[in-house]
Amino acid sequence: MTDTTTDTIRAHLSARLMETASGLSRGNVLPKSEIATAFVMTGATIVACEAGPVAAAEWLRDLADSLERAEKGLNGPMQ
């Protein structure tokens, strides 16, 4: 896939996830922190299934580092 295609898919997925989170939050289905946890754990599970638990832990560390740096592009690929 080209970067443009990947970026488009990533933007679409992000928009759908934000829509889902908004609906869950509005409906008081889950608190926002639990919605965020579910999304992050989904990502970690995908990485763990593909590359193993050590890679998932590294992915989570990379995510935490990105948050600490307050990066604007958190929807970008994690290493």
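The values are calculated or read from the model by the stated rules, or taken from the named source; none is laboratory data. Just so you know, these numbers come straight off a predicted model, no measurement behind them. With ideal geometry, Cβ positions are generated from the backbone for all residues, glycine too; neighbour counts draw on all protein chains shown. All accessible areas refer to the heavy atoms of the entire protein, side chains included, with ligands and DNA or RNA removed. Shrake-Rupley method; radii C 1.70, N 1.55, O 1.52, S 1.80 Å.
Of everything in region 55-71, what is closer than 12 Å to A44 by Cα and either touching a Cys at 6+ places or on another chain (Cβ under 9 Å) or outside any helix (DSSP H, G or I) (or both)? Give them in sequence order.
Residues of region 55-71 that are closer than 12 Å to A44 by Cα, as a first pass: 55-63.
Passing the criteria: only A56.
Of all residues in region 40-58, count the ones that are closer than 25 Å to S25 by Cβ and touching a helix residue (DSSP H, G or I) at 6+ places or on another chain (Cβ under 6 Å). Before you say what the answer is, go through the steps one by one.
Keep residues of region 40-58 that are closer than 25 Å to S25 by Cβ, which gives 40-46.
Now restrict to residues that are touching a helix residue (DSSP H, G or I) at 6+ places or on another chain (Cβ under 6 Å): 44.
Counting residues in region 40-58 that are closer than 25 Å to S25 by Cβ and touching a helix residue (DSSP H, G or I) at 6+ places or on another chain (Cβ under 6 Å) gives 1.
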Out of (1) polar (S, T, N, Q); (2) open to solvent by 80 Å² or more (accessible area, probe 1.4 Å); (3) part of a helix (DSSP H, G or I), the one N28 does not meet is (3)
